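Right, one structure below, let's go through it.
The values are calculated or read from the model by the stated rules, or taken from the named source; none is laboratory data. Computed from a predicted model, the values in this text were never measured in an experiment. Virtual Cβ from ideal backbone geometry, glycine too; neighbours counted across all protein chains shown. Remember, those area values only see protein heavy atoms, side chains included, never the ligands or the DNA or RNA. Shrake-Rupley method; radii C 1.70, N 1.55, O 1.52, S 1.80 Å.
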Amino acid sequence: MAGKINRQNESVVIRSLRRLKEIYWPSGVRDVVLDHEEEEPGFLDCLPVDVQFQIMTLLSSVDICRLGATSRYWRALVRDPLLWKFFLLRDMPSWTSIDHLTMPQLEAPEGPVISDDAEQDDYERTESKVDYMAEYLKACPSCRQRWLPSWPPYRVLTSFLQSLVPSAEPRYVMFGPGMEQLDISLVTRLMHASDILPMTIIPSSQINGPSVIGSGITYMFNNQHKFNIFTLYSTNKAERDRTKQQKQYMTGKLFTLVGSNDSGHPIYRPAPQVQQVCQVVEGVIYVANAELGRGEGESEAAQITALLCSASKPLLVLSCVSREESEAVGTTRMQTWRRTPCIDMAKRLNLPQLPNPWMVQDTVAESLSGLLDGISWLLRSSGVKVYDG
């Protein structure tokens, strides 16, 4: 089904590009005049539109933008909204992170470029006003990193001097089914990964707060920033081991179901000791189970909302699997990831509706890949001046 939709999307984009080519290089005309300046088609211009489209599908987004700077014709092709909507639908499932500022305004990632009941002319009068190119460049993780401004030398010196000044250690609360259901424990890996995230204070059942089901751990990020994580579990270890065998997640002593709202969605109330912990932390880390087919969207979203007692507190969602697995589909660049895409995770947890700043980061418990990117975002969102150089 996905392959059929992808072929339909390709044909729609090629048809749109063919219209543009007819405008710039009409059939049978070698030379055209645009704004009183003569242009002669080059080698790439003379290729069939199908081939031009396939070339662009093999390029990175940055290279496509550079291609658009070579001529007016390629600028028109590169700016085609259907082309970038196609790239969005194709690439969103493989993105490793998304946040509240870069979430594209699109429906299901597997949907068509144009709905079955819409004509292309109707689309051009309505949806073509959306700048999908800007949406893509804003949301794509590699593009986001590329456009980040580099710090001048004086900022580097300032950051170093600031690191010498003692500051309050930010505190975060971490919970979620990804801590308890996965074959490889994320918390256990964190406690034995001194090369990735050094632990400066050993776990304690009580750190600057009430006793809860879990522990508090102090870490050092980038050899400059100390921060604390309160890990909250749904129940004791023996019961967690039993529920792990059954692939279940019980809210246990963390939440109480108090009813439902007008839409029928559940409403949870944190346990008193959990409420006290949440009042003294600067942010929330939710460890989601990203294995395909797992998760209860409504209950998870309601529990996250219950812990975010302040709209200013950032939320980091670690979309976690035990180990990364992928398989190539034929000889194409497309891959089928055996995990829930981070953009689907954001929708499952209803994150776009939250007033809080949030980020979803793909994470692998075995290697802790993606974790440092998420922690860096969380520290920055809490007001910590993090220098990554």
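Extension gain for HIS192-ALA238 works out to 14.4 nm (0.36 nm per residue, less the C-alpha to C-alpha distance).
Neighbours of LEU257, meaning other residues whose beta-carbon lies under 15 angstrom from its beta-carbon, give a summed charge of -1 when Lys and Arg score +1 and Asp and Glu score -1. Rolling a 1.4 Å probe across the protein heavy atoms gives segment 286-327 an accessible surface of 36 Å² per residue.
Each label point was placed 7 Å from the Cα along the Cα-to-Cβ direction; for ARG79 and LYS385 their separation is 4.0 nm.
The stretch between ASP131 and GLN105 holds 8.3 nm of extra length on full extension. This uses 0.36 nm per residue minus the Cα-Cα distance.
How would HIS225, HIS265 rank on accessible area, largest to smallest, probe 1.4 Å?
On the way: HIS225 25, HIS265 80 Å².
Ranking HIS225, HIS265 by accessible area, largest first, yields HIS265, HIS225.
Using the Cβ of TYR172 as centre and a radius below 14 Å, the other residues enclosed give a net charge of +2, where K and R count +1 and D and E count -1.
Annotation for SER142 and MET199: the two label points, set 7 Å from Cα along the Cα-Cβ direction, are 3.6 nm apart. Net length available on complete extension from GLU366 to SER310 is 16.9 nm, with 0.36 nm assigned per residue and the Cα-Cα distance removed. Taking all protein chains together, TYR219, TYR268 sort by accessible area into TYR268, TYR219, largest first [probe 1.4 Å]. Can you pull the percent of segment 247-320's accessible area that's carbon plus sulfur, 1.4 Å probe, other chains left in place? It is 49 percent, rounded to a whole number. Taking a ≥ b ≥ c as the square roots of the eigenvalues of the Cα gyration tensor, segment 347-389 is classed as oblate, since a/c reaches at least 1.5 and a/b does not exceed b/c.
Between GLN353 and SER60, the distance separating the two model label sites (each 7 Å from Cα on the Cα→Cβ line) works out to 3.8 nm. With K and R counted +1 and D and E -1, the other residues having a Cβ less than 10 Å from that of SER97 yield a net charge of -2.
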